[in-house]
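The values are calculated or read from the model by the stated rules, or taken from the named source; none is laboratory data. Everything quoted here is computed from the prediction, not taken from an experiment. Cβ placement follows ideal geometry from the backbone for every residue including glycine, while neighbour counts extend to all protein chains displayed. Note: areas computed on protein heavy atoms with side chains; ligands, DNA, RNA excluded. Shrake-Rupley method; radii C 1.70, N 1.55, O 1.52, S 1.80 Å.
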Amino acid sequence: MTAKVTNVSAIKRVGAIEAAVAALRDMIETGKWADRLPGTRVLAVQLGVSQPTVQLALLELAEEGLLESGGERKAYRVKNRCVKSSPGNVPKARRVILLTHQALERTAESGRKVLETLHRLLMASDWDVEYRVVDFLHARAPHRNWDDVIGAEPGELVVALFGRPALAEWAIKRGVKIIFHGGVTGGFQVPMVAVKSSHLLTEAYQRLIELGHHRIVTPLCDRPPSYIESMREAVRSQLEAAGLPYSPAYHTPESKYLRQDVSWGIMESLFKRERPTALVLLDWRELVTTFCFLSCLGLKVPKDVSLVLLNDQVDAEWFLPRLARFKFPTYRMARRIKAWLEGKWEPNHMRATVPAEWVPGESLAPPPK
């Protein structure tokens, strides 16, 4: 007999998969189903989403260890997670260190929101959460003082925001269990949960090329070489697929530094060479500086230049015209990291790529004639 769920409000389209995962998780954890879940068609109607969305949400919950598949064409079942404990035997609180390369309030908002969400989820599950700040971003090798500054013993758990190869090497040598939220592993066997920027860049360029743009620029400032390489390959493939030439120095200029004067200088150089008709920017600060630069030239968005932010930023809601950008699945990524910390999930090939959602705005238009 199919279980019946009532009083479930329809989920809005924005973040449908993430919202479906959250709604189903709440129902599972509150005991809505003792054993078998309804079929995907029934759940899709109840949640107000498509069947493919429900299927992806159920797969996500199975990866977290909340559900188990009943096999082909069979409904998912609630996984038995009850653990017997002896009276009076209270387990010690689990500890995790959240590691950033600078003070949390100064980090990119997309990463900060994931760590803050993860913190709330862990505290609700009686974890001890500690923060550490270590400037590992540009380190070429592990530093001797990291043992003392990070303070993680062998076997302890660390979550690093925007990790780097030197940090991965340190953790492996130290015997610390570390997971990266974003960053670069440099080939070290360290798990990672992230949004893949090259996938977002590919989508942004596809949309701009469809509008008729070919002078599209994406500055790559203060990024690891492997990251720059993957982003340039994404741009090259999209331009050449459209029969357009690709110039690394023009379409994807790079700098070792991310500063206001550097971003301004890149814009000056580009506009002297050949004025771009579209800019895809990785960082909110770059976007603000670029918008100021365009204003100084008397250029308007999107009449003269189209803008895309390849990131997630709450302040983007204040941008006029409404900014085309990507919405990151914050809660979904935090849940995956938590599942890894609890030993309930391992990413395939050491990396879990979580898709971000395109947010159409009013900052795109065909190039000026």
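Looking only at segment 145-166, which residues are open to solvent by 10 Å² or more (accessible area, probe 1.4 Å) and either within 21 Å of the chain's Cα centre (by Cα) or within 12 Å of residue 134 (Cβ to Cβ) (or both)?
Step one: filter segment 145-166 for residues open to solvent by 10 Å² or more (accessible area, probe 1.4 Å), giving 145, 147-149, 151, 153-157, 162, 164-165.
Residues satisfying the conditions are 145, 147, 148, 149, 151, 157, 162, 164, 165.
If the requirement is being over 28 Å from residue 365 (Cα atoms) and outside any helix (DSSP H, G or I), which of these qualifies: 182, 212? Reasoning before the result, please.
Numbers: 212 fails: over 28 Å from residue 365 (Cα atoms).
The unique qualifying residue is 182.
Out of everything in segment 191-201 that is touching a strand residue (DSSP E or B) at 6+ places or on another chain (Cβ under 6 Å) and part of a loop (DSSP other than H, G, I, E, B), what residue ends up being least open to solvent (accessible area, probe 1.4 Å)? Write out each step before concluding.
Kept after step one, since they are touching a strand residue (DSSP E or B) at 6+ places or on another chain (Cβ under 6 Å), are these residues of segment 191-201: 191-194, 196, 200.
Pick out the ones that are also part of a loop (DSSP other than H, G, I, E, B) and you get 191, 196.
Details: 191: 11, 196: 65 Å².
Here the answer is 191.
For segment 202-213, enumerate the residues that are open to solvent by 50 Å² or more (accessible area, probe 1.4 Å) and without any contact (Cβ under 8 Å) to a residue 40 or more places away in the chain.
206, 210
Has segment 355-369 got at least one residue that is without any contact (Cβ under 8 Å) to a residue 24 or more places away in the chain, of a type in the set (Lys, Arg), more than 26 Å from residue 180 (Cα to Cα) and touching a helix residue (DSSP H, G or I) at 6+ places or on another chain (Cβ under 8 Å)?
Let us first name the residues in segment 355-369 that are without any contact (Cβ under 8 Å) to a residue 24 or more places away in the chain, namely 369.
From the residues that got through so far, the ones that are of a type in the set (Lys, Arg) too are 369.
Next cut, more than 26 Å from residue 180 (Cα to Cα) only: 369.
Okay, now just the ones that are also touching a helix residue (DSSP H, G or I) at 6+ places or on another chain (Cβ under 8 Å), so none.
No: zero hits.
In this structure, is residue 270 surrounded by 21 or more Cβ atoms within 10 Å (Cβ to Cβ) and either in a helix (DSSP H, G or I) or at pLDDT 95 or above (or both)? Before the answer, list the steps.
On the way: surrounded by 21 or more Cβ atoms within 10 Å (Cβ to Cβ): no; either in a helix (DSSP H, G or I) or at pLDDT 95 or above (or both): yes.
So residue 270 does not fit the description; no.
Results for (1) modelled with pLDDT of 90 or more; (2) closer than 15 Å to residue 335 by Cα; (3) buried (at least 17 other Cβ atoms within 10 Å of the Cβ); (4) touching a strand residue (DSSP E or B) at 6+ places or on another chain (Cβ under 8 Å), shown as yes or no for each residue.
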site: 29; (1), (2), (3), (4): no, yes, no, no
site: 44; (1), (2), (3), (4): no, no, yes, no
site: 51; (1), (2), (3), (4): no, no, no, no
site: 62; (1), (2), (3), (4): no, yes, no, yes
site: 78; (1), (2), (3), (4): no, no, yes, yes
site: 91; (1), (2), (3), (4): no, no, no, no
site: 101; (1), (2), (3), (4): yes, no, yes, yes
site: 119; (1), (2), (3), (4): yes, yes, yes, yes
site: 131; (1), (2), (3), (4): yes, no, no, yes
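Could you tell me whether residue 302 is more than 24 Å from the chain's Cα centre (by Cα) and of a type outside the set (Val, Ile, Thr)? Before you say what the answer is, go through the steps one by one.
Details: more than 24 Å from the chain's Cα centre (by Cα): yes; of a type outside the set (Val, Ile, Thr): yes.
Spelling it out, residue 302 is indeed more than 24 Å from the chain's Cα centre (by Cα) and of a type outside the set (Val, Ile, Thr).
Out of segment 256-267, which residues are closer than 24 Å to residue 303 by Cβ and open to solvent by 20 Å² or more (accessible area, probe 1.4 Å)? Break it down stepwise before answering.
Here is the first cut: in segment 256-267, the residues closer than 24 Å to residue 303 by Cβ are 263-264, 266-267.
Passing the criteria: 264, 266.
Of everything in segment 289-322, what is closer than 21 Å to residue 111 by Cβ, in a helix (DSSP H, G or I) and modelled with pLDDT of 95 or more? Give them in sequence order. Write out each step before concluding.
The initial filter retains those residues of segment 289-322 that are closer than 21 Å to residue 111 by Cβ, namely 289, 308-319.
Remaining after also requiring in a helix (DSSP H, G or I): 289, 314-318.
Result: 289, single match.
Open to solvent by less than 30 Å² (accessible area, probe 1.4 Å), out of contact with any His (no Cβ under 9 Å at 6 or more places or on another chain) and among the hydroxyl-bearing types (Ser, Thr, Tyr), is that true of residue 290? Please lay out each step first, then the result.
Details: open to solvent by less than 30 Å² (accessible area, probe 1.4 Å): yes; out of contact with any His (no Cβ under 9 Å at 6 or more places or on another chain): yes; among the hydroxyl-bearing types (Ser, Thr, Tyr): yes.
So residue 290 passes the test.
Find the residue count for segment 227-254, including only residues that are open to solvent by 60 Å² or more (accessible area, probe 1.4 Å) and on the phi < 0 side of the Ramachandran plot.
Filtering segment 227-254 down to residues open to solvent by 60 Å² or more (accessible area, probe 1.4 Å) leaves 229, 233, 236, 240-241, 243, 245, 249, 254.
After this cut, where a residue has to be on the phi < 0 side of the Ramachandran plot as well, the list is 229, 233, 236, 240-241, 245, 249, 254.
Residues in segment 227-254 being open to solvent by 60 Å² or more (accessible area, probe 1.4 Å) and on the phi < 0 side of the Ramachandran plot: 8 in total.
Can you name the condition, by its number, that residue 189 falls short on among (1) at pLDDT below 95; (2) closer than 16 Å to residue 98 by Cα?
Residue 189 satisfies every listed condition except (2).
Pairs only if they're at least six apart or on different chains, beta carbon under 9 angstrom, first in segment 246-258 and free of Cβ contacts under 8 Å to residues at least 24 places away in the same chain, second assigned to a loop (DSSP other than H, G, I, E, B) and not aromatic (Phe, Trp, Tyr); list them, first residue then second.
Here the result reads 246/252, each pair linking segment 246-258 to a residue that is assigned to a loop (DSSP other than H, G, I, E, B) and not aromatic (Phe, Trp, Tyr).
Taking segment 64-76 as the search range and keeping residues that are open to solvent by less than 90 Å² (accessible area, probe 1.4 Å) and over 24 Å from residue 340 (Cβ atoms), which one is modelled with the lowest pLDDT? Reasoning before the result, please.
At the first step, the residues of segment 64-76 found to be open to solvent by less than 90 Å² (accessible area, probe 1.4 Å) are 64-71, 75-76.
Applying the additional criterion that residues be over 24 Å from residue 340 (Cβ atoms) yields 70-71, 75.
Details: 70: 69, 71: 65, 75: 80.
Looking at residues that are open to solvent by less than 90 Å² (accessible area, probe 1.4 Å) and over 24 Å from residue 340 (Cβ atoms), I get 71.
Would you please name the residue that is nearest to the chain's Cα centre (by Cα), looking only at residues in segment 167-184 that are surrounded by 20 or more Cβ atoms within 10 Å (Cβ to Cβ) and closer than 12 Å to residue 227 by Cα?
183
In this structure, does residue 325 turn out to be closer than 22 Å to residue 59 by Cβ and either modelled with pLDDT under 95 or buried (at least 21 other Cβ atoms within 10 Å of the Cβ) (or both)? Reasoning before the result, please.
Values: closer than 22 Å to residue 59 by Cβ: no; either modelled with pLDDT under 95 or buried (at least 21 other Cβ atoms within 10 Å of the Cβ) (or both): yes.
For residue 325, the condition - closer than 22 Å to residue 59 by Cβ and either modelled with pLDDT under 95 or buried (at least 21 other Cβ atoms within 10 Å of the Cβ) (or both) - is not met.
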